[in-house]
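Undergrad: This structure is in structure tokens; I'll ask about it shortly.
Any read-out appearing in this document is the output of simple, stated calculations on the displayed coordinates, not a laboratory observation. Nothing here was measured: the structure is a model prediction, and the numbers come from that model. Here the Cβ is made from the backbone with ideal geometry for all residues, glycine too, and neighbour counts use every protein chain on show.
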Amino acid sequence: MNAARHGLTLDKSLFTELAGELARRGRGERETGAFLLARAGRTRDGSRRPRAVAVVYYDDLDPGCLTGGIAFTADGYTALAALCRRDGLRVAADIHTHPLRDVRQSLTDAAHPMRALPGHIALIAPRYARGVTSPADLGVHVLQAGGQWQSAYGRDAACIVRLTSAGPAASRLQAVTRWLRSLTRPRRT
């Protein structure tokens, strides 16, 4: 599989918001993560490269999952499935943070993907996402048939995860992301 052909596209503004929110949630002391969501079905241009249109954070779906590491449970997956079904979205990739500069997968990361389907893209951000400004800062890991991973770093990572300039849709995109986040927050009674 050519990972670049099956990569991910997202607006730079969404990427910047994602990195900042991961850093805020991790507080420089714990791992955190999110799912990047794309519209369900085929892409408009017929390519296999989905465009992320929203982000939902692990701890919004499963409030107790950030334990220093990440312990995402069936309740979180159930909430994710309900959200995707309701809004016509699908998981395009996931991202989580590591404490140091190393963006390689740990043995746990490789053995327990957040979505265990060939072609799934798992992103890893260094330093709890502090200072992440480009996909070249990430580790990009694409699950292959047979459970093996293809990993990319630096410029190769940026070829798989492509940023586009914010256009007129950027404000709508940010509004959708905020709306999705508000739906997954527990309501106070």
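Undergrad: Run the dipole for region 8-184 about the Cα centre, Lys and Arg Cβ at +1, Asp and Glu Cβ at -1, nothing else charged, and hand back the magnitude in debye, nearest 20.
TA: Taking the Cα centre of region 8-184 as origin, the dipole is about 560 debye.
Undergrad: Can you put S13, S106 in order, fewest other beta carbons within 10 Å first?
TA: S106, S13
Undergrad: What ranking do F15, F35 get, fewest neighbouring Cβ atoms within 10 angstrom at the top?
TA: Least crowded to most crowded, the residues run F15, F35.
Undergrad: Work out the FRET efficiency for R130 and K12 from their Cβ-Cβ distance, taking R0 = 22 Å, and round it to the nearest 0.05.
TA: Once rounded, the FRET efficiency stands at 0.75.
Undergrad: For region 8-184, what relative contact order do you get, as a whole percent, if you take Cα pairs closer than 8 Å and at least 6 residues apart?
TA: 27 percent
Undergrad: Taking the number of other C-beta atoms within 10 Å as the exposure measure, put S151, S165 in order starting with the fewest.
TA: Least crowded to most crowded, the residues run S165, S151.
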